Amino acid sequence: MDRRPYVAAGKTRRQTRTTHPAGMTRRTEDALIVGGGLAGLSCAITLAEHGLRVRVIEAAPRLGGRAGSFFEPRMGQWIDQGPHLLIGAYRHTLDLLRRCNAEHLVHWQSSLQLPLWDPQRGRFALHPSPRLPLAIALPRALAMLPGHSFASVPAMLRLRFGQAGTHETVVQWLQRVRAPHELVRDFLEPLCLAAMNEHMDTANARSFQRVLVTAFANHAHARLGWFRQPLGLCIETLAKHARSLGVCITTHTQINGVSHRAGMTVLRSQRGEEFRAPHAVATVPPWHQHRLSAPVATPASNPITNIHLWFDEQLRLPYPFIGGLGTQGQWFFDVSAQTRQRSTGSHLCVVISAFHAGNKRTLVDQACSELARIMERKKLPEPCHSRVVCVRRATVLVRPHLPPNLPTGIVDSMEHPAPGQLPATIEYAIERGKQGAERVLARCQH
Ligand SMILES: Cc1cc2nc3c(=O)[nH]c(=O)nc-3n(C[C@H](O)[C@H](O)[C@H](O)COP(=O)(O)OP(=O)(O)OC[C@H]3O[C@@H](n4cnc5c(N)ncnc54)[C@H](O)[C@@H]3O)c2cc1C
């Protein structure tokens, strides 16, 4: 059982932590970044590429935050809290992967293929023809789904060219544009949950419209991608690149005090260490902001529940993932196929967005029964292991948030998507990190 791959090559887990006696002040860096998730790494890499000396300070033993992996001792595997999907429109993500020579970590569809299943119609797929422009191919493919008609074509045009209200919910907007029921049920509702991690009756229409316009601009944007390895290993590739640019990474260190002295921002850790630099960037989730500033109201967030199932038998889904309609599980992932594991058994994962896990046994039974029907089997064998991972605060919801009111000297790069902005995703985190870096660079020039 190899626990080491998720640690920098050649280093043990303990060596990645940099320790200093309490009260000792470190060498001055140009910029300190609080939080070592994707936003923090994106910020650090951007600043280091511009020649700044940077330190990332992370509270946890490992980098990655919500996009991290943990070691599952029973199966001897690193697994993600939940599988992540990307879309081709994630241009900041693609750019960061390219700059880190890490494009190979993501498998991309050649064009959008969205496999779906429901109890009445069985398996079918939304697969716009790549030979036609997407603006024509998508409405055509939607009209050809079982139970659909060309009535959805004018509705798609109204969704694309009409203006969603800033304070409208997705339900209100779809009613206003008279979106046909089947278009909502099979396409817009699952998309809203997947992209916004929020149900349509409260999700913000303006941001959802932005998702639709961005994701379906062309075939390259609309295709889906997934990581070929556990996310933690991908994060380690980004961290390795950051280190090669001179970025110092300090883990196991929670910042819980900030002051500003003689033009320097001073960050104080829970062990009393001090870090000082002319610039500091906060990339922590807003529910950890109270450690950097006076207490603030925590913005609304939603959970995501992931039901991981391992089987001794090799069970394969017909696609690497399938969207469920009218099912409790929303996305059914064949993790073994996505990560190309060659073991004899299989690892499947059922994801439920905007849902807080209840009784584990019931969730596992329900997931197995839905998977069996998708695989057209009477019953699945009993899983040899299962684990329900509920990330209580998975994403901050799109709302008109107040400015975070951080102490002087700290650049805000935190998650607070406003109406009209893209929702909280990998892309939003990487873009935020880059924007934080650009603000620091602008300050350096003054
Ligand atoms: C289960 C799940 C599934 C998801 N699926 C998708 C998906 O399919 N597609 C997609 O695009 N997005 C998805 N997301 C969203 C995506 O993972 C997040 O938006 C993104 O990882 C957030 O990155 P971040 O760097 O902003 O925050 P985080 O990942 O939360 O990183 C912040 C870091 O700051 C550290 N920290 C906090 N306080 C302190 C402190 N005081 N001192 C030092 N360090 C501190 C934390 O330990 C953490 O590591 C999913 C999220 C979850 C949870």
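What follows is calculated from the coordinates using simple rules that are stated; it is not laboratory data. What you see is a predicted model; the values in this text were computed from it and never measured. Here the Cβ is made from the backbone with ideal geometry for all residues, glycine too, and neighbour counts use every protein chain on show.
As a footprinting exposure proxy, order Val247, Val351 by other Cβ within 10 Å, with the fewest listed first.
Val247, Val351
What is the spread of the Cα atoms of the stretch 80-162 along each of their three principal axes, largest first, in whole Å?
45, 33, 25
Taking the Cα centre of the stretch 126-219 as origin, sum charge times position over the Cβ atoms of Lys and Arg (+1) and Asp and Glu (-1), and report the length of that vector in debye to the nearest 20.
It comes to approximately 360 debye.
Comparing Arg373, Arg432, Arg399, which has the greatest mean-square fluctuation in the GNM of the chain with Cα pairs linked when under 10 Å apart?
Arg373
Given 0.36 nm per residue, what is the gain on full extension from Gln120 to Gln163 after removing their alpha carbon distance, in nm?
Extra length available between Gln120 and Gln163 comes to 12.0 nm.
Which number comes out as Rg/Rh for the stretch 245-385 once both Rg and the Kirkwood Rh are worked out on C-alpha atoms?
Rg/Rh: 1.19.
Suppose a student asked you for the relative contact order of the stretch 158-241, using Cα pairs under 8 Å spaced at least 6 residues apart; what percent would you report?
32 percent
Can you give the helix-only mean residue ellipticity at 222 nm for the chain, where every DSSP H stretch with n ≥ 4 adds -39500 (n - 2.57) and the sum goes over all residues, rounded to the nearest 500 deg cm²/dmol?
Taking each H run of at least 4 residues, the total per residue is -8500 deg cm²/dmol.
I'd like the Karplus ³J(HN,Hα) series for the stretch 395-404: coefficients 6.51, -1.76, 1.60, θ = phi - 60°, whole numbers in Hz, and an x wherever there's a Gly or Pro.
9, 6, 7, 6, 8, x, 6, 6, x, x
Please check: in the Gaussian network model of the chain (C-alpha springs, under 10 Å), which one of Asn359, Asn197, Asn256 has the largest mean-square fluctuation.
Asn359
Charges on Cβ only, +1 for Lys and Arg, -1 for Asp and Glu, centred on the Cα centroid of the stretch 301-396; of His308, Thr395, Gln330, which one is farthest towards the dipole's positive end?
Most positive-ward Cα: Thr395.
Can you tell me the Rg and the Dmax, both Å, for the Cα atoms in the stretch 372-419?
21.3, 62
Just give me a number: lysine pairs in the chain, eight or more positions apart or cross-chain, with C-alpha atoms less than 24 Å apart.
4
What does the charge count around Asn256 come to, taking other residues whose C-beta lies under 13 Å from its C-beta (Lys +1, Arg +1, Asp -1, Glu -1)?
+1
Most exposed first by the Cβ proxy, i.e. fewest other Cβ within 10 Å, how do Arg340, Arg276 rank?
Arg340, Arg276
By the scheme Lys and Arg +1, Asp and Glu -1, what is the net charge of all other residues having a beta-carbon under 9 Å from that of Leu422?
-1
Which of Pro381, Pro278, Pro400 ends up with the largest GNM mean-square fluctuation for the chain, with Cα atoms connected below 10 Å?
Pro381
Distance from the Cα centre of the stretch 374-444 to that of the stretch 136-169, in angstrom?
Distance between centres, Cα-based: 28 Å.
For the stretch 65-78, in order, what is each residue's ³J(HN,Hα) by Karplus, 6.51 cos²θ - 1.76 cosθ + 1.60 with θ = phi - 60°, in whole Hz (x at glycine and Pro)?
Values per residue, Gly and Pro as x: x, 5, 9, x, 10, 10, 7, 9, x, 4, 9, x, 9, 7 Hz.
Where the only charges are on Cβ atoms (+1 Lys, Arg; -1 Asp, Glu), what is the dipole of the chain about its Cα centre, to the nearest 20 debye?
740 debye
Given H placed on each backbone N at 1.01 Å, which residues far from Glu273 in sequence or on other chains put an amide H within less than 5 Å of it?
When sequence neighbours closer than 5 places are left aside, the close amide H contacts are Gly23.
The chain: percent of C-alpha pairs farther apart than 33 Å?
38 percent
Please compute the Kirkwood hydrodynamic radius of the stretch 30-177 from all pairs of different C-alpha atoms, in Å with one decimal.
The answer is 19.8 Å.
Counting only other residues whose beta carbon sits under 12 Å from that of Gln366, what net charge do I get with K and R as +1, D and E as -1?
With Lys, Arg at +1 and Asp, Glu at -1, the net is +1.
Using the Karplus curve 6.51 cos²θ - 1.76 cosθ + 1.60 with θ = phi - 60°, work out ³J(HN,Hα) for each residue of the stretch 434-446 in order, rounded to whole Hz, and write x for Gly and Pro.
For the stretch 434-446, the Karplus-derived couplings read 5, 5, x, 4, 5, 5, 5, 4, 5, 5, 4, 6, 8 Hz, x marking Gly and Pro.
Can you give the percent of C-alpha pairs in the stretch 339-446 whose distance is more than 23 Å?
When every Cα pair of the stretch 339-446 is considered, 54 percent fall beyond 23 Å.
Given the convex hull over the Cα atoms of the stretch 126-219, what projected area results after averaging over all orientations, in nm²?
5.4 nm²
Using the Cα atoms of the stretch 205-282, I'd like the radius of gyration and the largest Cα-Cα distance, Dmax, both in angstrom.
For the stretch 205-282, the Cα-based Rg and Dmax read 19.7, 52 Å.
Of His148, Val177, Gly436, which is farthest on the positive side of the dipole of the chain, counting Cα position, with +1 on Lys and Arg Cβ, -1 on Asp and Glu Cβ, and the Cα centre as origin?
Toward the positive end, the furthest listed residue is Gly436.
How much of the DSSP beta bridge set in the chain is antiparallel, as a percent to the nearest 5?
Once the DSSP bridges in the chain are tallied, antiparallel ones form about 75 percent.
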